[in-house]
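The values are calculated or read from the model by the stated rules, or taken from the named source; none is laboratory data. Every value quoted in this text rests on a predicted model; they were computed, and no experiment measured them. All Cβ positions, glycine included, derive from the backbone under ideal geometry; neighbour counts span all protein chains shown. Keep in mind that these areas ignore ligands, DNA and RNA; they rest on the heavy atoms of the full protein, side chains included. Shrake-Rupley method; radii C 1.70, N 1.55, O 1.52, S 1.80 Å.
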Amino acid sequence: MKIRLAKYLSDNGIASRRQAENLILSGHISVNGQIITTPVFFVDGTEKILVDNKAIEPQTETQLYMFHKPINTITSTYDPNGRKTIYDCLDKKFSKLKYVGRLDYKTTGLLLLTNDGQLARQLTLPSSHITKTYIAKIKNLSDEKLNIARGGVCIDGIKYRPMNITILNKDTVKVKIDEGKKNEIRIVFKYIGCPIIDLHRIEFGNTQLKNLPVGKIIKIDKKTIDLLKKNL
C-alpha cells in the first residue's frame, strides 16, 4: 500500500510530518534518483529514498520509552515562540523519537515516545480506547459537579465521553479517560465549574510512571510493548 512520502519519512523517524513536508518542498528528498518537491507524492517503501543523498535506514524493532515530562515544556520538536520543548530535556540520541499524543505546556507526567510512527498513531486514536489516568488538583470540588463530567458532556458542539473520576481529597481527584481529545480534561472541568490547578498523568494503558524522576526517560520492555499492541 502506498502512503504519502512525508508520512513515510515521519514513520521512519526522519522528522515530524510537518518537517518532512518542508524537507520535500526544499528539495532535500529524492526517490529513485528524482528530486521530489511536492508533498503529494506516494511511495510504498521499495523505492530508493534519499535524504540529502543519504539512504534512509530500514525501520528497526519497535522501541518505546517512558518520559517524565516537566512542567512548562512543549510537546513538539519546535516552538515558534521559543519555549522549551521536551526534546530540549532529552539527550540528542532521542531526538528522532516520536511522541505519542501530547501533554500541554503546564501538564506534567507520563509521556510515551517511540521510533514507530504507526504505533504512535494507533495509541492515540479515539477508537483504540486506551485508558489514560491523571491526578488533577482542582478548584471548587463538588461531587455534584463531577457527576456532570461522569455522565459525558457536549461543549461547543464537541462531545466528550464520560470520565471515570475518583475523589482523593478536598481538592484532588483521579481522572481516567479513554479518548484524549485536545485539552479534554481542562476543557471539561472548566465547563463544570471545577477548573484545573495542576494536571499530572500517571498511566497510559498498561504503562505506569511510578517513581520515574522528572525529566528522566527509560526504555519499556518488549513484554509491555507487546501487551500494549495486543490491546489496540
Filter Lys92/Lys219; Lys132/Lys190; Lys98/Lys174; Lys98/Lys190 down to the pairs with a C-alpha to C-alpha distance above 21 Å, please. Lys98/Lys174; Lys98/Lys190
Subtracting the Cα-Cα distance of Ile56 and Arg83 from 0.36 nm times their residue separation yields 6.7 nm
Rg/Rh (Cα only; Kirkwood hydrodynamic radius) as it applies to the chain: 1.02
With unit charges on the beta carbons (Lys and Arg positive, Asp and Glu negative) and the dipole taken about the Cα centre of region 1-128, which residue among Leu90, Val40, Thr114 sits farthest to the positive side? Leu90
A 1.4 Å probe over the protein heavy atoms gives region 63-205 a carbon and sulfur accessible-area percentage of 49
What nm distance separates the two modelled labels at Ser128 and Lys174, each placed 7 Å from Cα along Cα→Cβ? 2.3
Span from the region 107-177 Cα centroid across to the region 198-219 one, whole angstrom: 15
Which of Gly157, Gly215, Gly27 ends up with the largest GNM mean-square fluctuation for the chain, with Cα atoms connected below 10 Å? Gly157
Once you charge only the Cβ atoms, +1 for Lys and Arg and -1 for Asp and Glu, what is the size of the charge dipole of region 86-232 about its Cα centre, to the nearest 20 debye? 300
For the chain, set up a Gaussian network in which alpha carbons nearer than 10 Å are linked by springs, and say which option among Asn72, Asn147, Asn211 fluctuates the most. Asn211
Run the 1.4 Å probe and let me know the accessible area of Tyr134, rounded to the nearest 10 Å². 20
Given all pairs of distinct Cα atoms, region 10-139 yields a Kirkwood Rh in Å of 16.5
Gaussian network model of the chain, Cα within-10 Å springs - most flexible of Gln118, Gln208, Gln34: Gln34
Dipole moment magnitude, nearest 20 debye, region 1-151 about Cα centre, only Lys, Arg, Asp, Glu C-beta charged: 480
In Å², what does the accessible area per residue of the chain work out to with a 1.4 Å probe? 56
Potential lengthening between Asn32 and Lys230 on full extension [0.36 nm per residue; Cα-Cα distance subtracted]: 67.6 nm
Taking R0 as 22 Å and r as the Cβ-Cβ distance between Lys182 and Asp91, the FRET efficiency 1/(1 + (r/R0)^6), rounded to the nearest 0.05, comes to 0.20
To the nearest 0.05, what FRET efficiency results for Asp143 and Asn211 with a Förster distance of 35 Å applied to their C-beta separation? 0.70
Cleavage-rule hits (trypsin sites (Lys or Arg not before Pro)) in region 167-220: DSSP loop, at most 13 neighbouring Cβ within 10 angstrom: Lys170, Lys182, Lys210, Lys216
